[in-house]
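Enquirer: Quick one: this structure, given as structure tokens, is what I'll be asking you about.
Each value in this text was obtained by applying a stated rule to the coordinates, not by laboratory testing. Only a predicted model underlies this, so the values are computations on that prediction, with no experimental measurement involved. All Cβ positions, glycine included, derive from the backbone under ideal geometry; neighbour counts span all protein chains shown.
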Amino acid sequence: MNLKSILASASIAVALSVVSGPATPALEPDAVDVLAERNPEFAQGRRAVEARDWKTAIKWLTAADKRTANNADVHNLLGFAYRNDGQVDVALKHYQRALQIDPRHRGVHEYIGEAYLMTGNPAKAEEHLATLNKICPRVCEERDDLGKKIAAYRASNKQQ
């Protein structure tokens with residue numbers, strides 16, 4: 001195929017995409033952003049997580065849970081903050097609660113898998129990786145990240 005043919009084909013493809021509209025529908029605002037707009041304690045907790053201020057994050061996210069009870073995103077971030085604060089057992093409880101609320105929450109499956117690696121339980125981490133494989137068989141950052149961490153964990157334990 002020569003350059004002229006390639007350009008003609010590309011022009012047709014562009015014209016068709018303009019006529020038929022975008023290939024995927026416009027996405028709704030992220031649920032976490034909506035939650036942050038409606039729950040100022042969650043917004044404060046999220047900012048504290050971004051600043052890696054785990055104790056402040058725990059305080060705000062605990063308050064967010066009181067305002068917006070039974071929210072998987074709140075429990076996911078609480079688990080993340082507790083885990084990074086070194087309180088892995090408490091983190092696991094929040095991750096488990098988040099999964100009771102939303103069993104398909106990809107972020108929770110990634111983070112609970114990481115927590116299980118911290119406790120020396122790669123088999124449990126692999127269970128969550130298997131769940132992520134079912135939830136998102138194509139492109140899935142959470143699955144890919146957890147898979148890499150499990151591989152690194154296994155490699156580092158072989159060297160010891």
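Enquirer: Which of the pairs 66/124; 66/93; 93/158; 59/149; 55/124; 134/158 have their Cα atoms more than 19 Å apart in this structure? Numbers along the way, then the final one.
Expert: Numbers: 66/124 30 Å; 66/93 16 Å; 93/158 29 Å; 59/149 29 Å; 55/124 27 Å; 134/158 28 Å.
As for pairs spanning more than 19 Å Cα to Cα, those are 66/124; 93/158; 59/149; 55/124; 134/158.
Enquirer: Can you tell me the alpha carbon radius of gyration of the stretch 102-160 divided by the globular rule-of-thumb value 2.2 N^0.38 Å?
Expert: Working: Rg = 11.0 Å, N = 59, 2.2 N^0.38 = 10.4 Å.
So the Cα radius of gyration is 1.07 times the expected 2.2 N^0.38 Å.
Enquirer: Can you give the Rg to Rh ratio of the stretch 29-159, both from alpha-carbon atoms, with Rh computed by the Kirkwood formula? Could you put the intermediate results ahead of the total?
Expert: Numbers: Rg = 14.7 Å, Rh = 14.9 Å.
Reported Rg/Rh (Cα atoms, Kirkwood Rh): 0.98.
Enquirer: Treat each spin label as a single point 7 Å out from the Cα along the C-beta direction, and report the residue 155 to residue 87 distance in nm.
Expert: 3.4 nm
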